[in-house]
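K.L.:
Mind looking over this structure? Questions follow.
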Amino acid sequence: MTSTAGGAANGKQIEQHEQEPMDVRIDMPWGYVVGRWYGNRQVRPILALHGWLDNLGTWNELLPLLPTHLGVLCIDLPGHGYSSKLPEGIAYHFVDYLCVILRIMEEYGWQKVSLMAHSMSAMLCFVFASLYPHRMDLLISVDIVKTRYRKPASQIDYLRTNIEGYMLEDERFANAKRQEPPSYTYAELEQVLHKGSDRSVLLENCHHILERNVAKSTKYPDKYFFSRDGRCKYYNEFHTSPPFAAELARTIRNVPYCVIKGSESNFIDEQSDEVIAILRENNPHFEFHEVQGTHHVHLNNAAGVAAIINPFILRHRPPQLETWTVAGDDQSEELPAAVKEFKLAVEDSENVKRRKRKSNL
């Protein structure tokens with residue numbers, strides 16, 4: 001693993017520097033995954049995974065609103081953003097992304113992982129949590145709660161269309177080494193992303209995702225082209241039937257699990273009801289919330305999402321009191337209510353211990 005962050009001369013400089021994002025590169029067998037580590041790097045961070053054809057920029061609006069005692073490591077999945085593309089002739093698969101999580105855990109020596117995911121990655125993390133519930137201590141899923149269902153006839157059509165689409169994109173991928181892809185003005189790219197997301201990404205927020213998904217044209221000075229791997233459009237999904245998804249849900253016990261639905265989105269619909277009911281019944285730490293917004297509710301309504309996420313994080317991964325610092329130099333700033341409650345509980349516990357020690361003297 002390599003990083004682009006440099007050292008500092010004294011403790012104060014280090015403390016200030018570590019609040020700045022640090023770009024990291026995590027080696028993988030086919031190349032590398034690029035990430036950006038925000039905030040505290042003294043404790044294990046939350047690992048944040050983006051949605052289909054997006055990149056780590058999807059979290060830009062939400063990150064400044066999250067608790068400061070935990071860092072967040074955002075990554076670009078393979079083929080997205082600045083991460084490596086898979087070799088020519090190799091198709092992307094859902095399982096590849098599961099392996100990325102495990103490889104990052106190995107790289108940093110994490111026995112457990114905290115995950116925050118949107119859309120495709122929320123689907124991914126549902127499966128990950130069912131396979132490795134003992135290795136998870138927190139899961140936040142934005143606007144998806146289960147894998148996708150397809151009826152047999154639809155599945156056959158999907159496979160045929162996906163294979164043919166992949167073959168075409170793989171040919172384009174090979175040709176891109178010799179010929180630049182079609183280019184557009186930046187305003188045109190914003191419209192393409194806005195409409196391509198079914199208007200889920202507001203026009204004013206498109207730049208957060210475009211920044212890492214496009215490259216400047218070498219032929220036309222004022223134009224750009226999509227630099228993400230087009231083959232990702234035809235990655236192999238992990239489809240399940242309702243009984244299979246229900247069984248996956250039953251294995252997720254005692255995992256703090258928070259699902260946030262965008263009120264204007266239909267990605268969580270009546271087909272999700274059984275999985276949600278099972279999670280509620282079997283997992284005492286499961287929460288389900290709805291926030292005003294589209295499928296990209298975390299990007300368009302970051303404040304509404306943070307109002308749900310922050311108490312959840314403070315409840316399940318509270319700050320260590322000896323390392324807790326309030327943002328800024330004003331020590332009179334009030335601690336969040338959840339932190340106050342946690343602090344009082346610890347102080348009460350310590351007072352009980354002191355009384356016991358005195359009584360034994």
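K.L.:
Please go through the stretch 248-265 and give me each residue that is of a type in the set (D, E, K, R) and under 18 Å from LEU139 (Cβ atoms), ordered by number. Spell out the reasoning first.
P.N.:
Pass one, the stretch 248-265, residues of a type in the set (D, E, K, R): 250, 253, 261, 264.
If the condition is that a residue be of a type in the set (D, E, K, R) and under 18 Å from LEU139 (Cβ atoms), then ARG250, ARG253, LYS261 are the ones that fit.
K.L.:
Are there any pairs, at least 6 apart or on different chains, whose C-beta atoms fall under 6 Å, with the first in the stretch 74-91 and modelled with pLDDT of 95 or more and open to solvent by 10 Å² or more (accessible area, probe 1.4 Å) and the second acidic (Asp, Glu) and part of a loop (DSSP other than H, G, I, E, B), and if so, which?
P.N.:
TYR82/ASP76; LYS85/ASP229
K.L.:
Looking only at the stretch 195-214, which residues are among the aliphatic types (A, V, I, L, M) and open to solvent by less than 30 Å² (accessible area, probe 1.4 Å)?
P.N.:
Residues of the stretch 195-214 that are among the aliphatic types (A, V, I, L, M), as a first pass: 201-203, 209-210, 214.
VAL201, ILE209, LEU210, VAL214, listed by residue number.
K.L.:
Moving on. Can you pull out the strands (runs of 3 or more DSSP E) entirely within the stretch 22-112 that have at least 1 residues that are of a type outside the set (Ser, Thr, Tyr) and within 22 Å of THR294 (Cβ to Cβ)? Break it down stepwise before answering.
P.N.:
Working: elements: 22-28, 31-38, 46-49, 72-75.
Answer list for the stretch 22-112: 46-49, 72-75.
A quick yes/no check of all residues on (1) buried (at least 17 other Cβ atoms within 10 Å of the Cβ); (2) not hydroxyl-bearing (Ser, Thr, Tyr):
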site	(1), (2)
TYR224	yes, no
ARG231	yes, yes
TYR235	yes, no
ALA246	no, yes
ILE252	yes, yes
ASN266	no, yes
SER272	yes, no
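K.L.:
Does GLY39 count as on the phi > 0 side of the Ramachandran plot and open to solvent by less than 40 Å² (accessible area, probe 1.4 Å)? Working first, answer last.
P.N.:
Numbers: on the phi > 0 side of the Ramachandran plot: yes; open to solvent by less than 40 Å² (accessible area, probe 1.4 Å): yes.
Taking the combined requirement at face value, the residue satisfies it.
K.L.:
Check LEU131, LEU139, LEU102 and return the single one that is buried (at least 16 other Cβ atoms within 10 Å of the Cβ) and among the aliphatic types (A, V, I, L, M). I'd like the intermediate steps shown before the answer.
P.N.:
Numbers: LEU131 fails: buried (at least 16 other Cβ atoms within 10 Å of the Cβ); LEU102 fails: buried (at least 16 other Cβ atoms within 10 Å of the Cβ).
That would be LEU139, the only listed residue that is buried (at least 16 other Cβ atoms within 10 Å of the Cβ) and among the aliphatic types (A, V, I, L, M).
The values are calculated or read from the model by the stated rules, or taken from the named source; none is laboratory data. Because the structure is a prediction, the values reported are computed rather than measured. Don't worry about glycine lacking a Cβ; one is built from the backbone with ideal geometry, like all the others, and counts go over all protein chains shown. When the accessible area is computed, the model is the full protein with side chains, heavy atoms only, and any ligands, DNA or RNA have been set aside. Shrake-Rupley method; radii C 1.70, N 1.55, O 1.52, S 1.80 Å.
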